[in-house]
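The values are calculated or read from the model by the stated rules, or taken from the named source; none is laboratory data. Source: prediction; values computed, not measured. Backbone-built Cβ (ideal geometry, glycine too); neighbour counts: all protein chains shown. Heads up: the accessible areas ignore ligands, DNA and RNA and are worked out on the full protein's heavy atoms, side chains in. Shrake-Rupley method; radii C 1.70, N 1.55, O 1.52, S 1.80 Å.
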Amino acid sequence: MAIIDRLQKLREHFDGKEIDGIFISQPENRRYLSGFTGSAGYLLITPQDAILATDFRYIEQSKQQAPDFAVFRVTSDVAEWFPKLLAGVTVSQLGFEASDITFATYRQLTEALAKGKSTVKLVPTEGIVETIRAVKEPEEIDLITQAVRISDRAIEYISDRIRPGMTEIAVAWEIEKFMREQGSESVPFEIIVASGPNAALPHARPSSREIKAGEPIVIDIGARCGGYSSDLSRTLCPGTPADTFRKVYDTVLGAQLAAIAIIREGMTGEEADRLARTVIEEAGYGEAFGHSLGHGVGLATHEAPRLGPKSTTHLATGMVFTVEPGIYLPGWGGVRIEDVVLLEKDRAKVISKAKKIES
Ligand code: ZN
């Protein structure tokens, strides 16, 4: 992991944002830029300095994990440590992460500056580190691939075991156990097992409902390796699927394959989304595809880029994102099929390999 390269990329953004330093608080950004995996702390990065400010619990850990950073110890009194931290560096326009800092923290920081008679100005910024994180390094792609492999195997495992009469909760637990045993560090998000009418809710929670033969079961799972997530959905149908299932499934699969075949570098997230949305609209299910086509996957399960109706982000080589169209019919159920793809020079390469239902 080349921390120095990441810091260099970050510093290149300073001019365009009219800042001469940045105060990082967002947990995945903190980890990405420093290597520090603790759950509390801030980074202060200027053209010359890289400081990790954290509390007493994490001093030793930060020295080990973030050798490129000077470690600064914070206390519970922001008014005491924040001006002191800034006094050690040259900065006048300090960026902060506007979508992460709470209003209460913002007020504490500004009050601390006023109290310390500091002339530093806090400047809101958005998405700077997220933009850098969106393009993955080879080591990151390896970790995502490891996580994807575990979720691939989990789908295979559960496909062989799922039976009518099992509850959604029991199926979710079988999957969770399996993924942990296969080396997943944690479960990055609550597993979704949604059967029958529950499958009409894109983010249903597993319930005590018993699975019935012939109905759709949406399973959405992720594993985590080295901090990196996978995100994979398959829709199963134990028993003989009804005609509605066939039609809906084939439409979703057709939309997904069309999008994956055509997505290229330089397209916007909106254009990518449209590829799948058109197929679903033409089949008469436009209203039933209420979410975006996909999202980036990395240290966070949902990160840049967004592939959705309003996304102006240009897709670039090295981005890793999901392609996950779905159709949800209230009262009946739903179908979602989700793969993780890596955008290469001339194609979107599908990383996930879990089987889909053949038509
Ligand atoms: Zn997803």
Exercise. Going through segment 251-284 one residue at a time, which ones are open to solvent by 60 Å² or more (accessible area, probe 1.4 Å) and under 23 Å from K353 (Cα atoms)?
Worked result: L257, A261, I262, R264, E265
Seminar exercise, completed: Given the conditions (1) more than 16 Å from the ligand (Cβ to nearest atom); (2) out of contact with any Leu (no Cβ under 7 Å at 6 or more places or on another chain); (3) hydrophobic (A, V, I, L, M, F, W, C); (4) touching a residue at least 24 places away in the same chain (Cβ under 8 Å), every one holds for A170 apart from (4)
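Take R336 and tell me if it is in contact (Cβ under 8 Å) with a residue 40 or more places away in the chain, among the basic types (K, R) and open to solvent by less than 40 Å² (accessible area, probe 1.4 Å).
Yes, satisfied.
Within segment 177-185, does at least one residue satisfy the condition of being closer than 19 Å to L329 by Cα and not small (G, A, S)?
no
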Exercise. Can you pull out the residues in segment 27-68 that are in a helix (DSSP H, G or I) and among the acidic types (D, E)?
Worked result: E28, E60
Exercise. Among the residues of segment 193-212, is there at least one that is farther than 17 Å from A354 by Cα, within 16 Å of the ligand (Cβ to nearest atom) and assigned to a helix (DSSP H, G or I)?
Worked result: yes
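Based on this model, can you work out whether D273 counts as charged (D, E, K, R), farther than 20 Å from P216 by Cα and more than 16 Å from the ligand (Cβ to nearest atom)? Before the answer, list the steps.
Details: charged (D, E, K, R): yes; farther than 20 Å from P216 by Cα: yes; more than 16 Å from the ligand (Cβ to nearest atom): no.
So D273 does not fit the description; no.
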For this session: Read through the list (1) part of a loop (DSSP other than H, G, I, E, B); (2) farther than 30 Å from T278 by Cα, then give the number of the only condition that M179 fails.
Result: (1)
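Scan segment 1-42 residue by residue and report those that are among the acidic types (D, E) and open to solvent by 60 Å² or more (accessible area, probe 1.4 Å). Show your work before the answer.
Of the residues in segment 1-42, the ones among the acidic types (D, E) are 5, 12, 15, 18, 20, 28.
Result: D5, E12, D15, E18.
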Seminar exercise, completed: Considering segment 101-156, residues that are in contact with a strand residue (DSSP E or B) (Cβ under 6 Å, 6 or more places away or on another chain) and charged (D, E, K, R), and then whichever is nearest to M319 (Cα to Cα), we arrive at K136
Exercise. When you go through (1) closer than 30 Å to A2 by Cβ; (2) surrounded by 20 or more Cβ atoms within 10 Å (Cβ to Cβ) one by one for A112, which number turns out not to apply?
Worked result: (1)
Problem set entry | Those residues of segment 213-250 which are open to solvent by less than 10 Å² (accessible area, probe 1.4 Å) and assigned to a loop (DSSP other than H, G, I, E, B), in sequence order | P216, G222, A223, G227, S230, D231
Seminar exercise, completed: Residues of segment 69-101 being open to solvent by 70 Å² or more (accessible area, probe 1.4 Å), within 17 Å of I24 (Cα to Cα) and assigned to a loop (DSSP other than H, G, I, E, B), in sequence order, are T90, S99
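When only residues in segment 43-64 that are open to solvent by 60 Å² or more (accessible area, probe 1.4 Å) and in contact (Cβ under 8 Å) with a residue 24 or more places away in the chain count, which is nearest to T125 (Cα to Cα)? Explain how you work it out, then say what you get.
In the first step, residues of segment 43-64 are kept if they are open to solvent by 60 Å² or more (accessible area, probe 1.4 Å); the result is 47-48, 56-57, 60, 63-64.
In the following step, the residues that additionally are in contact (Cβ under 8 Å) with a residue 24 or more places away in the chain were identified as 47-48.
Numbers: P47: 17, Q48: 20 Å.
Among those that are open to solvent by 60 Å² or more (accessible area, probe 1.4 Å) and in contact (Cβ under 8 Å) with a residue 24 or more places away in the chain, it is P47.
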Seminar exercise, completed: S39 passes all but one of the listed conditions (1) closer than 30 Å to P188 by Cβ; (2) at pLDDT 95 or above; (3) not aliphatic (A, V, I, L, M); the exception is number (2)
